[in-house]
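Visitor: Sharing a structure below in C-alpha cells format, with a few things to ask.
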Amino acid sequence: MSFSRLTAEKILEMAKSFGADAAEVFLRSSTATVIEVKEGAVDAFERARDLGAGLRVIADGRMGFAFATEMSDEAVSKLARSAVTNARNTESDPFQTIPDQKGPYASPVIYDGRLAFVADEEKIERVLAMEREAFAADKRITRIRKAQASFSESETMIANSHGAFVSYRGTACSSSIEVVAEEKGESQAGWDFDVNRFYTRLEIEEVGRRAARRAAGLLGARRIDSVRAPVLLENHVAAELLSIIASGFSAENVQKHKSLFAGRMNTQVFSTVLTVYDDGGLDAGLGTAPCDDEAVPMSKKTVISNGTLLMYLYNSYAAKKDGVSSTGNAVRGGFKGLPGVGATNLYIEPGRYTHDDMLSSIDRGLFVTEIMGSHTANPISGDFSVGATGFWIEKGRLSYPVREATIAGNLLDLMKNVISVGSDLRFTGRIGSPSLLVKDVSIGGR
C-alpha cells in the first residue's frame, strides 16, 4: 500500500484551504505484468507500476481537476492549488456536482491474495504450457502468432468532502492465444481467451486447446451463396455485438443525441426473450467493486426487461441534468481522468437452451464463431456489416466450415429477431452474453 486514508484527508483539507467548496480525491495504485512467449521461449516480459491521485473540486459552481503521481507534501499542495486554479478558469456549470452518497458499501470478493506470491517463473511456465497445449491439440497446428497472459493487482481509494470514504483492492488475470492450422496449402487462424479475477481459475492451458480446435476446425472452409437465414451467434460473438450497443445505455450519450436508445424509454427495443442487467455486485466480475468511481454504491439494475427498455445508466453529472439519482455508473480510465458513464458488468440473462438444443432447431443457417470489423458498426444508428466465420448448418447439424461471409443489418433489428437464448453465459471483459439464435439475418456470400 502506497497511500493511506490520512493521505486522502490531507488532500481534501488542502483543497478546502485553497477555496474549494467541495472536493473529491481518487487514488489508485496498480501493478501489471504481461508475458508473451514464442516458440517455447519468453518473447516479452513487461512489468508496469502506476500510482497517483486525481482531485476534482467545485468552487463557485465551477469544476476544476488536476492529478499528481507522487504524494509528498509539496506535491499534494501543488495538486490542490492546481485543481482550484483550474476551477476558477472554467465556465460555471450548474450540473457539476460531487455526490453525497456515503454507502453502505458491500465487500465483494474481487481480490486474489495469493496472486502476489505466485513466482514469475510459474506464470511464465503456464503461458509456455498454453503454447504447448495448442501444438499438442492437433498436428495441423503449425505456428503460434501470439500467446500472452497478464496479471494485475490494484488498490483504489475514494474520499470526498461530504464524508464518503471507500477503499478496496482487486486483481485480474487474462490469457489469449492465436494459432494457425495448415493442411494441403490452406491455412486457418483460431483465437481464444479467458479472463478471471483469480489466478487458479484462469484456464490458460485450456485456452490453447480451444484455439487449436477452432483453427483446425475451419480447415476446408467454403464460401456460401448470399441468403437470408437463421444465425446462431456463439456467446463471445453475441457479447461483442452487445458491447457495440452498450454505449447507447449511457445517459450522457442520450443527452448528447448519440444513443440509439434516445427517446425509446419504456418501449420494446429487443426481443421479448431478452433481459439485460448491469450488475456492479456480480460475483468476481471484472466490473465489480463496492462503489463506482464517484463512491456511489454499486447495485444490480435491470436495464431491459423482456425486451423493454427500463432505464439509462447515470453518473452524478448526467443524473443532475435529468433530475434523477446516479445509478452508480461513473467510470474512469484511471486517476488521470474525470468520470464518464459506463457499464459495470452488463450482460444478457442466460436462458435454458443448450448449444445442441439451439443447433438442432435450425434447418438451414449459419453458426457464427467469429466476426471481423465490429469497430465499423455505427453505435448511434445501429447499422452494421461485419465479416463472419463459422459453420453452415444443415438439418440441425454442422455441415462444413464457412469463410468470407458477412452478416449485415441493424443491431436493434438483430436483437428483436432473437428467438432463443442459450444457457452458456460468457463475459468478454465487462460485457457478457449467452449464445443467441436469431431467426432472420442477411448473410452475404459469393
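The values are calculated or read from the model by the stated rules, or taken from the named source; none is laboratory data. Everything numeric here is computed off the predicted structure, so don't read it as measured data. Neighbour counts are summed over all protein chains in view; Cβ atoms, including those assigned to glycine, are modelled from backbone coordinates with ideal geometry. Heavy atoms of the whole protein, side chains included, go into the accessibility calculation; ligands, DNA and RNA do not. Shrake-Rupley method; radii C 1.70, N 1.55, O 1.52, S 1.80 Å.
Visitor: Output yes when any residue across the range 13-20 is among the aromatic types (Phe, Trp, Tyr), in contact (Cβ under 8 Å) with a residue 24 or more places away in the chain and farther than 25 Å from Val331 by Cβ, and no when none is. Lay out the reasoning, then the answer.
Guide: So in the range 13-20, the residues among the aromatic types (Phe, Trp, Tyr) come out as 18.
Among the residues that remain, those that are also in contact (Cβ under 8 Å) with a residue 24 or more places away in the chain are: 18.
From the residues that got through so far, the ones that are farther than 25 Å from Val331 by Cβ too are 18.
Yes, because at least one residue in the range 13-20 is among the aromatic types (Phe, Trp, Tyr), in contact (Cβ under 8 Å) with a residue 24 or more places away in the chain and farther than 25 Å from Val331 by Cβ.
Visitor: Okay, next question. Among the numbered conditions (1) under 25 Å from the mean Cα position of the chain (by Cα); (2) on the phi < 0 side of the Ramachandran plot, tell me where Leu218 comes up short.
Guide: The one condition Leu218 does not meet is (1).
Visitor: Continuing with this model, one more query. For Ile380, indicate whether it is β-branched (Val, Ile, Thr) and out of contact with any Phe, Trp or Tyr (no Cβ under 8 Å at 6 or more places or on another chain). Don't jump to the end; show me each part of the working.
Guide: Values: β-branched (Val, Ile, Thr): yes; out of contact with any Phe, Trp or Tyr (no Cβ under 8 Å at 6 or more places or on another chain): yes.
Taking the combined requirement at face value, the residue satisfies it.
Visitor: Residues to consider are Ala44, Ala53; find the one that is of a type in the set (Gly, Ala, Ser), at pLDDT 95 or above, farther than 30 Å from Glu178 by Cα and not in a loop (DSSP other than H, G, I, E, B).
Guide: Ala53
Visitor: Taking only the range 363-382 into account, find how many residues are under 19 Å from Gly444 (Cα atoms), within 26 Å of the chain's Cα centre (by Cα) and surrounded by 14 or more Cβ atoms within 10 Å (Cβ to Cβ).
Guide: 8
Visitor: Okay, next question. Mind checking which residues of the range 305-363 are without any contact (Cβ under 8 Å) to a residue 12 or more places away in the chain and β-branched (Val, Ile, Thr)?
Guide: Matches in the range 305-363: Val324 only.
Visitor: Would you check if there is a residue in the range 126-138 being buried (at least 16 other Cβ atoms within 10 Å of the Cβ) and not in a helix (DSSP H, G or I)?
Guide: Checking the range 126-138: at least one residue is buried (at least 16 other Cβ atoms within 10 Å of the Cβ) and not in a helix (DSSP H, G or I).
Visitor: Of everything in the range 179-235, what is of a type in the set (Phe, Trp, Tyr), in contact with a strand residue (DSSP E or B) (Cβ under 6 Å, 6 or more places away or on another chain) and open to solvent by less than 50 Å² (accessible area, probe 1.4 Å)? Give them in sequence order.
Guide: Across the range 179-235, the qualifying residues are Phe193, Tyr199.
Visitor: Now for a separate question. Out of all the residues in the range 100-116, which are free of Cβ contacts under 8 Å to residues at least 12 places away in the same chain and either closer than 16 Å to Glu294 by Cβ or open to solvent by 60 Å² or more (accessible area, probe 1.4 Å) (or both)?
Guide: If the condition is that a residue be free of Cβ contacts under 8 Å to residues at least 12 places away in the same chain and either closer than 16 Å to Glu294 by Cβ or open to solvent by 60 Å² or more (accessible area, probe 1.4 Å) (or both), then no residue fits.
Visitor: Among the candidates Ala87, Ala83, Ala68, Ala119, single out the residue that is surrounded by fewer than 17 Cβ atoms within 10 Å (Cβ to Cβ) and aliphatic (A, V, I, L, M). I'd like the intermediate steps shown before the answer.
Guide: Numbers: Ala87 fails: surrounded by fewer than 17 Cβ atoms within 10 Å (Cβ to Cβ); Ala83 fails: surrounded by fewer than 17 Cβ atoms within 10 Å (Cβ to Cβ); Ala68 fails: surrounded by fewer than 17 Cβ atoms within 10 Å (Cβ to Cβ).
Checking each option against the conditions leaves just Ala119.
Visitor: Limited to the range 15-40, what total is found for residues that are of a type outside the set (Asp, Glu) and at positive phi?
Guide: Here the count works out to 2.
Visitor: Which of the numbered conditions does Glu155 fail, given that it passes all the others? Conditions: (1) in contact with a helix residue (DSSP H, G or I) (Cβ under 8 Å, 6 or more places away or on another chain); (2) open to solvent by less than 30 Å² (accessible area, probe 1.4 Å); (3) charged (D, E, K, R).
Guide: (1)
Visitor: What is the residue count in the range 49-65 for residues that are without any contact (Cβ under 8 Å) to a residue 24 or more places away in the chain and open to solvent by less than 80 Å² (accessible area, probe 1.4 Å)?
Guide: Matching residues across the range 49-65 total 0.
Rundown of residues vs (1) under 18 Å from the mean Cα position of the chain (by Cα); (2) surrounded by fewer than 22 Cβ atoms within 10 Å (Cβ to Cβ); (3) among the small types (Gly, Ala, Ser); (4) farther than 30 Å from Ala408 by Cα, yes/no style:
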{"residue": "Gly333", "(1), (2), (3), (4)": "yes, yes, yes, yes"}
{"residue": "Gly342", "(1), (2), (3), (4)": "yes, no, yes, no"}
{"residue": "Ile348", "(1), (2), (3), (4)": "yes, no, no, no"}
{"residue": "Ser361", "(1), (2), (3), (4)": "no, yes, yes, no"}
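Visitor: Mind telling me which of the residues Glu39, Glu74, Glu46 ends up being under 28 Å from the mean Cα position of the chain (by Cα), over 20 Å from Met157 (Cα atoms), open to solvent by 30 Å² or more (accessible area, probe 1.4 Å) and of a type in the set (D, E, K, R)?
Guide: Glu46
Visitor: Related question: Could you go through the range 108-118 and let me know if any residue there is modelled with pLDDT of 95 or more and part of a helix (DSSP H, G or I).
Guide: Scanning the range 108-118, I find at least one residue that is modelled with pLDDT of 95 or more and part of a helix (DSSP H, G or I), so the answer is yes.
Visitor: Within the range 147-167, count every residue that is at positive phi and touching a Ser or Thr at 6+ places or on another chain (Cβ under 9 Å). Walk me through it before giving the result.
Guide: Narrowing the range 147-167 to residues at positive phi: 163.
Then drop every residue that is not touching a Ser or Thr at 6+ places or on another chain (Cβ under 9 Å), which leaves none.
So the answer is 0.
Visitor: Sticking with this structure for a sec: Out of the residues in the range 20-36 meeting the condition of being closer than 28 Å to Phe165 by Cβ and of a type in the set (Val, Ile, Thr), tell me which one is most open to solvent (accessible area, probe 1.4 Å).
Guide: By that ranking, first place goes to Thr31.
Visitor: Report those strands (runs of 3 or more DSSP E) wholly inside the range 364-446 carrying at least 3 residues which are in contact with a helix residue (DSSP H, G or I) (Cβ under 8 Å, 6 or more places away or on another chain) and at pLDDT 95 or above.
Guide: 364-372, 383-394, 397-410, 431-433, 436-444
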